[in-house]
């Protein structure tokens with residue numbers, strides 16, 4: 001999937017002013033959608049890669065999810081795995097503004113290989129054939145004006161039928177240190193998700209805690225920016241790596257005596273659901289980091305096979 005060089009994202013922004021006008025309908029307008037609630041499953045949307053999450057959290061169309069985390073805790077790595085998983089069912093667009101496209105794709109390829117070793121060229125070819133059909137990566141680095149990001153989203157959703165669009169990260173979206181500008185951008189992202197019937201994933205940083213124990217878990221109040229940011233998004237997921245566990249593992253590898261019980265009770269990462277506007281569940285999932293960069297659902301650290309669809313439902 002490739003965006004032609006002739007495309008000017010500004011053309012997709014010109015229509016936004018008219019489209020953003022509030023539409024008002026009587027209640028009967030939504031009758032069929034209400035029937036769908038009665039007839040369909042209680043929880044809707046696409047699943048995350050880990051079976052343990054399927055009954056409690058979903059990625060629904062028309063929503064905006066903020067993926068937060070302290071720098072170095074793996075939020076971009078984890079969302080890359082999520083994007084690859086979603087691409088098996090939907091077209092996915094990624095604006096990875098902090099990494100070269102080939103680096104983003106190679107990390108995803110490593111996760112798909114599920115091995116600590118470099119994948120073969122044959123596997124890379126096979127994986128690239130898959131990705132070429134359903135994953136689009138925006139070839140742009142560093143700061144991009146917010147209007148251009150909005151144009152990118154509209155183009156991908158309208159022209160390429162992308163159901164999931166990842167923006168990594170908010171800091172690179174041309175937003176100055178201005179609360180009103182940030183709030184306006186988030187509002188427009190949410191509007192785009194609803195009216196284009198896609199799911200927008202926004203990666204963002206969390207303040208590094210002053211505590212030195214490595215056990216402080218960030219919450220919605222630690223997300224950088226104004227409180228309006230977490231108020232406006234539909235879902236807030238925080239990626240937290242247990243640095244104390246990481247240090248103990250390193251010490252053990254060097255032959256030191258460590259707290260074995262802590263290692264048994266803890267996990268490499270916790271995916272914390274701080275907010276789910278249209279879901280009932282809040283809490284966290286324990287995940288383990290495999291040598292391939294893939295996050296796995298249990299302590300056995302067995303990667304999810306790339307061709308796996310739903311076999312891990314009970315993990």
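The values are calculated or read from the model by the stated rules, or taken from the named source; none is laboratory data. All of these numbers come straight from a predicted model, not from anything done at the bench. Neighbour counts run over all protein chains shown; Cβ positions are idealised from the backbone, glycine included.
Give me the residue from the stretch 193-216 that is under 19 Å from the mean Cα position of the chain (by Cα) and over 15 Å from residue 60 (Cβ atoms) and, out of that set, surrounded by the fewest Cβ atoms within 10 Å (Cβ to Cβ).
Checking each candidate, the answer is 207.
Quick one: in the stretch 85-105, of everything that is assigned to a helix (DSSP H, G or I) and touching a residue at least 12 places away in the same chain (Cβ under 8 Å), which residue is surrounded by the fewest Cβ atoms within 10 Å (Cβ to Cβ)?
For the stretch 85-105, the residue satisfying everything is 101.
Is there a residue in the stretch 1-20 that is out of contact with any strand residue (DSSP E or B) (no Cβ under 7 Å at 6 or more places or on another chain), at pLDDT below 75, surrounded by fewer than 12 Cβ atoms within 10 Å (Cβ to Cβ) and under 24 Å from residue 278 (Cα atoms)?
No, there is no match, as no residue in the stretch 1-20 is out of contact with any strand residue (DSSP E or B) (no Cβ under 7 Å at 6 or more places or on another chain), at pLDDT below 75, surrounded by fewer than 12 Cβ atoms within 10 Å (Cβ to Cβ) and under 24 Å from residue 278 (Cα atoms).
Mind checking which residues of the stretch 144-180 are assigned to a loop (DSSP other than H, G, I, E, B), over 17 Å from the mean Cα position of the chain (by Cα) and more than 17 Å from residue 91 (Cα to Cα)?
Within the stretch 144-180, 144, 145, 174, 175, 176, 177, 178 qualify.
Please verify whether the stretch 71-87 includes one or more residues that are over 30 Å from residue 215 (Cβ atoms), modelled with pLDDT under 95 and more than 15 Å from the chain's Cα centre (by Cα).
For the stretch 71-87, residues over 30 Å from residue 215 (Cβ atoms), modelled with pLDDT under 95 and more than 15 Å from the chain's Cα centre (by Cα): absent.
Output the number of the condition that residue 292 fails; it satisfies all remaining conditions of (1) under 17 Å from the mean Cα position of the chain (by Cα); (2) under 24 Å from residue 107 (Cα atoms).
Just one mismatch for residue 292, condition (1).
Only one of 179, 135, 149, 158 is more than 18 Å from residue 104 (Cα to Cα), buried (at least 17 other Cβ atoms within 10 Å of the Cβ) and out of contact with any helix residue (DSSP H, G or I) (no Cβ under 6 Å at 6 or more places or on another chain). Can you tell me which?
149
Test residue 184 against the stated conditions and say whether it is under 22 Å from the mean Cα position of the chain (by Cα), in a helix (DSSP H, G or I) and either free of Cβ contacts under 8 Å to residues at least 24 places away in the same chain or under 21 Å from residue 74 (Cα atoms) (or both).
Yes; evaluated as a whole, the condition is true for this residue.
Quick one: is residue 285 surrounded by fewer than 14 Cβ atoms within 10 Å (Cβ to Cβ) and either in contact with a helix residue (DSSP H, G or I) (Cβ under 7 Å, 6 or more places away or on another chain) or touching a residue at least 40 places away in the same chain (Cβ under 8 Å) (or both)?
When the stated conditions are applied, residue 285 does not pass them.
I'd like to know if the stretch 242-265 contains one or more residues that are in contact (Cβ under 8 Å) with a residue 60 or more places away in the chain and under 27 Å from the mean Cα position of the chain (by Cα).
no
Residues being assigned to a loop (DSSP other than H, G, I, E, B) and either surrounded by 12 or more Cβ atoms within 10 Å (Cβ to Cβ) or in contact with a helix residue (DSSP H, G or I) (Cβ under 7 Å, 6 or more places away or on another chain) (or both): count how many of those fall in the stretch 240-276.
6
Please go through (1) surrounded by fewer than 18 Cβ atoms within 10 Å (Cβ to Cβ); (2) more than 21 Å from residue 48 (Cα to Cα); (3) in contact with a strand residue (DSSP E or B) (Cβ under 8 Å, 6 or more places away or on another chain) for residue 219 and return the number of the only condition it doesn't satisfy.
Against the list (1) surrounded by fewer than 18 Cβ atoms within 10 Å (Cβ to Cβ); (2) more than 21 Å from residue 48 (Cα to Cα); (3) in contact with a strand residue (DSSP E or B) (Cβ under 8 Å, 6 or more places away or on another chain), residue 219 comes up short only on (2).
Do you know which residues across the stretch 27-51 are assigned to a loop (DSSP other than H, G, I, E, B), surrounded by fewer than 11 Cβ atoms within 10 Å (Cβ to Cβ) and modelled with pLDDT of 75 or more?
Across the stretch 27-51, there are no qualifying residues.
Search the stretch 106-123 for residues being under 28 Å from residue 153 (Cα atoms) and in contact with a helix residue (DSSP H, G or I) (Cβ under 8 Å, 6 or more places away or on another chain), and hand back the single one that is surrounded by the fewest Cβ atoms within 10 Å (Cβ to Cβ).
Among them, the one singled out is 107.
Which residues, counting only those in the stretch 222-239, are outside any loop (DSSP other than H, G, I, E, B) and buried (at least 22 other Cβ atoms within 10 Å of the Cβ)?
223, 229, 235, 236, 237, 238, 239
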